[in-house]
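Only one structure is covered here, and it is reproduced in the block below.
The values are calculated or read from the model by the stated rules, or taken from the named source; none is laboratory data. Since this is a predicted model, take the numbers as computed values, not measurements. Neighbour counts run over all protein chains shown; Cβ positions are idealised from the backbone, glycine included.
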Amino acid sequence: MIRNNLLKLIITVLFFMGVFSMTGCSNPADSSGGADTGYPPAAPLAISVFEAHQQLTITWNAVSAAENYTVYYSQGTEHTAAEKQENVTENSILISGLTNDVTYNVWIRAHNQHGPGNVSSPVTGIPAAALAVPDRPVITEVKATDPEKLAVTWNAVSGAISYNVYCSTTAVLPGAPAETGGTFTRHCPQRP
């Protein structure tokens, strides 16, 4: 008798769970499926930040049942005090007008007809100016320092942090520099 009642209870629970899941009700944190869950959407995941000059490009995985997103960004640590872009309908956004070399925190919240979901965990980005390629150095002097070496001198180039000196007896640039460094005079082996 107890065994039969227990078996009926298990069957009833399983049947109830099956009917329950078929009615569209689900875990409010579940972001799979795409159907209306009757709950606000889950927090966006897999957020990526691409840094550029005075801007950040933010991308994230689309959230099931989300109608739009709010993207928050701030130098602070709380999204509640952050600037925001609302009603974003894609799963990426370009935020411009930022200050280079400053850390920004970014949060994203998905919305649907049932309201706003939870805010994502923050990600960080640091806008930075693109590095400029320095100008070509101008050789100012080449002189023999002894029978086997030449001294090569050039003017400093703005933005250069080091120089590679290539030496060759032909007009073809060799594959590797003879010397590398940050000074303005280098010695190359002299060849007859």
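Numerical summary
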{"quantity": "Residue in region 76-89 that is surrounded by 11 or more Cβ atoms within 10 Å (Cβ to Cβ) and under 16 Å from the mean Cα position of the chain (by Cα) present", "calculated": "no"}
{"quantity": "When residues of region 156-186 are limited to those that are more than 20 Å from LEU131 (Cα to Cα) and among the aromatic types (Phe, Trp, Tyr), the one modelled with the lowest pLDDT", "calculated": "PHE184"}
{"quantity": "Checking LEU131 against (1) among the hydrophobic types (A, V, I, L, M, F, W, C); (2) within 30 Å of GLY159 (Cβ to Cβ); (3) under 15 Å from the mean Cα position of the chain (by Cα), the condition it does not meet", "calculated": "(3)"}
{"quantity": "Residue in region 37-45 that is assigned to a loop (DSSP other than H, G, I, E, B), modelled with pLDDT under 90 and within 23 Å of SER121 (Cβ to Cβ) present", "calculated": "yes"}
{"quantity": "Answer residue from region 130-155, given it is aliphatic (A, V, I, L, M) and touching a strand residue (DSSP E or B) at 6+ places or on another chain (Cβ under 9 Å) and is modelled with the lowest pLDDT among those", "calculated": "LEU150"}
{"quantity": "Residue in region 102-124 that is touching a residue at least 24 places away in the same chain (Cβ under 8 Å), more than 21 Å from LEU45 (Cα to Cα) and surrounded by fewer than 17 Cβ atoms within 10 Å (Cβ to Cβ) present", "calculated": "yes"}
{"quantity": "All strands (runs of 3 or more DSSP E) inside region 78-129 with 2 or more residues being in contact with a Pro (Cβ under 6 Å, 6 or more places away or on another chain)", "calculated": "104-112, 115-119"}
{"quantity": "Among (1) touching a Cys at 6+ places or on another chain (Cβ under 8 Å); (2) part of a loop (DSSP other than H, G, I, E, B), the one test that LEU150 misses", "calculated": "(2)"}
{"quantity": "Total residues in region 46-77, condition part of a loop (DSSP other than H, G, I, E, B), among the polar types (S, T, N, Q) and over 15 Å from GLY115 (Cα atoms)", "calculated": "4"}
